[in-house]
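Each remark here refers to the structure printed beneath this line.
The values are calculated or read from the model by the stated rules, or taken from the named source; none is laboratory data. Every value quoted in this text rests on a predicted model; they were computed, and no experiment measured them. So basically every Cβ, Gly included, is an ideal-geometry build from the backbone, and we count neighbours across all protein chains shown.
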Amino acid sequence: MITEVYSRLKYDAIGLGVNDVRLKDTYYEQVDAKKLTILDASPSARESSKPYIIKNIDGVKVGVISFGALSGKDDEYQLKKSLYTAYKHARDESEILIVLDSSGTVNSDWLASTGKRFGEPDIVVPNLNRISITKPEVIGKTHICPIGLQGKQLGVVDVTLSAGQDPEFDIRQLPLDEKFPEDAEVKKLVSKNVEANIVPGQVGIQSPSRVNTTHELPPAQRKPYYPPELCKTCHVEEYKQWAASKHAKAIKTIVDANRTVPECLNCHSEMYRRLGQWVAKEDDMAGVECATCHLDSLPHGLERINVKQKTKVNPAMCLSCHNKERSPNYNEKTYMPKITHVLPDEEDSEE
C-alpha cells in the first residue's frame with residue numbers, strides 16, 4: 001500500500017527506514033514493481049537503487065542522498081567509505097544538498113568533523129528522534145527541518161538564491177487540514193488495507209487515526225504523544241534508568257515474537273496508544289515510555305509546583321496491562337522497584 005501511494009505522489013526517490021530494512025526483499029520487490037528509486041549508498045545496495053540523485057529544478061542542481069537505516073551486512077569501515085564517497089560526489093555536484101537522515105547521523109558533532117571535511121548539507125530531514133523540534137534548527141549553514149507524524153503536515157522549503165551569496169531557506173510545515181480534501185482513491189486504498197489486516201476475533205477496528213481500546217483516554221483527557229527523547233533533554237539520569245528496563249524495549253519484544261498486532265501494541269507502545277501507529281527504532285528504544293507513567297505531568301516547563309504530586313504514579317494503572325491474563329506473574333512489590341527512579345540526591349524519588 002505504501003509503495004502504491006509513493007508512486008501516485010510521484011516521489012523522485014525514497015530513503016530507507018528501519019521498518020523498510022526489516023521487510024527485506026518483500027519491500028524491495030514492491031518498490032521495484034512501482035518503478036520507484038531507493039537511495040542507498042551502502043556496499044550491499046541493490047542494483048536497482050542509487051547512491052544519490054541530482055535533480056535540476058528551474059536551473060538549480062538539487063542533490064538528495066539518504067543516510068538510511070543499516071542492514072547490518074556491511075563492514076563498518078567499508079560502509080563509511082562507500083557512504084561518504086557518495087556524499088562527497090553529491091555535495092560537489094549539487095548547489096543545494098538534502099540529506100534524508102533516517103539513521104540520525106547528522107548532529108552538531110558530525111557537522112563539525114565529517115561535515116567540515118566533505119561539506120555541510122543545506123537541508124536535513126531528520127528521523128523521529130527529533131520529533132520534539134517545532135521550528136528549523138540551524139547549525140552553521142545546515143538547516144534541520146521539523147517533522148510531523150501521521151502525514152498531517154507537509155514540509156515546505158522556499159529557497160532564495162542571490163549571486164555571490166549563500167542560499168536563504170524559509171522552512172515551514174503546512175498543516176493538511178480540512179482545507180485540503182483527501183484523495184478518494186488513496187483513502188479507499190488505505191481503508192482496504194486496514195480491513196485486510198484486522199486480526200480475527202479482535203474487538204473493534206484499529207485504524208491509523210483511532211485506537212479502540214478499553215483503556216483509551218476519553219476525548220477530553222487525550223494528550224499528544226511525548227517521545228522519551230524529549231524528556232531526556234532535562235531528565236538524563238531518569239532516561240538512563242528507563243533505557244535499562246524492559247519497558248524501554250517493549251516494542252522489540254513483540255517484533256521478535258512477530259506479534260505487532262493491535263492487541264499487543266495497546267500495551268507495548270505508548271506511541272500506538274496516542275497516534276495509532278508504531279515505529280521500530282534502530283536502537284530498539286521504544287515501548288512503555290515516560291508519558292505512559294507520567295502523563296499527568298506533561299507538558300511542563302521549569303516550574304516546580306506540586307512536582308511530587310504530579311510525578312507520583314498510582315500502581316493501579318499498571319493493572320490495565322499487567323493483569324492475570326497477560327501477566328500472570330505480576331507482583332507489585334517485586335515489579336515496581338525495577339522501574340522506580342532512584343537518583344543520587346533524591347532517594348525518595350518515585351516513578
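Considering only residues that are part of a loop (DSSP other than H, G, I, E, B), touching a residue at least 40 places away in the same chain (Cβ under 8 Å) and crowded, with 16+ Cβ neighbours inside 10 Å, which ones fall in the stretch 10-52?
Of the residues in the stretch 10-52, the ones part of a loop (DSSP other than H, G, I, E, B) are 10-13, 15-17, 24, 34-37, 40-49, 51.
Next cut, touching a residue at least 40 places away in the same chain (Cβ under 8 Å) only: 12-13, 15-17, 41-42.
The answer is ALA13, GLY15, LEU16, GLY17, ALA41, SER42.
Just wondering, is there one or more residues in the stretch 121-139 that are surrounded by 12 or more Cβ atoms within 10 Å (Cβ to Cβ), of a type outside the set (Ser, Thr, Tyr) and more than 23 Å from the chain's Cα centre (by Cα)? Before you say what the answer is, go through the steps one by one.
At the first step, the residues of the stretch 121-139 found to be surrounded by 12 or more Cβ atoms within 10 Å (Cβ to Cβ) are 121-133, 136-137, 139.
Remaining after also requiring of a type outside the set (Ser, Thr, Tyr): 121-131, 133, 136-137, 139.
Now narrow it down to the ones that are more than 23 Å from the chain's Cα centre (by Cα): none.
No: the stretch 121-139 contains no residue that is surrounded by 12 or more Cβ atoms within 10 Å (Cβ to Cβ), of a type outside the set (Ser, Thr, Tyr) and more than 23 Å from the chain's Cα centre (by Cα).
Out of (1) modelled with pLDDT under 85; (2) surrounded by 15 or more Cβ atoms within 10 Å (Cβ to Cβ); (3) under 30 Å from VAL21 (Cβ atoms); (4) of a type in the set (Asp, Glu), what's the single condition that is false for ASP256?
Of the numbered conditions (1) modelled with pLDDT under 85; (2) surrounded by 15 or more Cβ atoms within 10 Å (Cβ to Cβ); (3) under 30 Å from VAL21 (Cβ atoms); (4) of a type in the set (Asp, Glu), the odd one out for ASP256 is (2).
Show me the strands (runs of 3 or more DSSP E) entirely contained within the stretch 122-186 in which 3 or more residues are over 28 Å from ALA286 (Cβ atoms).
Numbers: elements: 123-125, 137-139, 142-144, 153-160, 168-175.
In the stretch 122-186, the matching strands (runs of 3 or more DSSP E) lie at 153-160, 168-175.
Taking TYR77 and the conditions (1) farther than 30 Å from SER191 by Cα; (2) among the aromatic types (Phe, Trp, Tyr); (3) surrounded by 15 or more Cβ atoms within 10 Å (Cβ to Cβ), which numbered condition does it fall short on, given that it satisfies the others?
The one condition TYR77 does not meet is (3).
I'm trying to understand the selection: among the residues of the stretch 236-265, which are touching a residue at least 40 places away in the same chain (Cβ under 8 Å) and outside any helix (DSSP H, G or I)?
Passing the criteria: SER245, VAL261.
Within the stretch 179-192, can one find any residue that is modelled with pLDDT under 80 and of a type outside the set (Lys, Arg)? So that I can check it myself, show each step before the final result.
Narrowing the stretch 179-192 to residues modelled with pLDDT under 80: 190-192.
Filter once more, keeping what is of a type outside the set (Lys, Arg): 190-191.
Among the residues of the stretch 179-192, at least one is modelled with pLDDT under 80 and of a type outside the set (Lys, Arg), which makes the answer yes.
Based on what the data block shows, is TYR77 out of contact with any Leu (no Cβ under 9 Å at 6 or more places or on another chain) and of a type in the set (Phe, Trp, Tyr)? Quick ask: steps written out before the conclusion?
Working: out of contact with any Leu (no Cβ under 9 Å at 6 or more places or on another chain): yes; of a type in the set (Phe, Trp, Tyr): yes.
Yes, satisfied.
Exactly one of these conditions fails for ILE198: (1) at pLDDT 85 or above; (2) outside the structural domain of TYR11 (by TED's automatic domain parsing); (3) in a loop (DSSP other than H, G, I, E, B). Give me its number.
(1)
Among the residues of the stretch 2-25, is any among the aromatic types (Phe, Trp, Tyr), farther than 26 Å from ASP256 by Cβ and at pLDDT 95 or above?
Here is the first cut: in the stretch 2-25, the ones among the aromatic types (Phe, Trp, Tyr) are 6, 11.
Then drop every residue that is not farther than 26 Å from ASP256 by Cβ, which leaves 6, 11.
Subset that is at pLDDT 95 or above: none.
So far as the stretch 2-25 goes, no, none of its residues is among the aromatic types (Phe, Trp, Tyr), farther than 26 Å from ASP256 by Cβ and at pLDDT 95 or above.
For GLY301, all conditions in the list (1) in a helix (DSSP H, G or I); (2) closer than 14 Å to CYS231 by Cβ; (3) at pLDDT below 80 hold save one; what is the number of the exception?
(1)
Specify which of the listed residues (LYS61, LYS55, LYS81) is among the basic types (Lys, Arg), part of a helix (DSSP H, G or I), at pLDDT 90 or above and in the same structural domain as GLY115 (by TED's automatic domain parsing). Walk me through how you get there before you give the answer.
On the way: LYS61 fails: part of a helix (DSSP H, G or I); LYS55 fails: part of a helix (DSSP H, G or I).
Unique residue meeting the criteria: LYS81.
Can ASP74 be described as farther than 28 Å from VAL255 by Cβ and part of a loop (DSSP other than H, G, I, E, B)?
Values: farther than 28 Å from VAL255 by Cβ: no; part of a loop (DSSP other than H, G, I, E, B): yes.
It is false that ASP74 is farther than 28 Å from VAL255 by Cβ and part of a loop (DSSP other than H, G, I, E, B).
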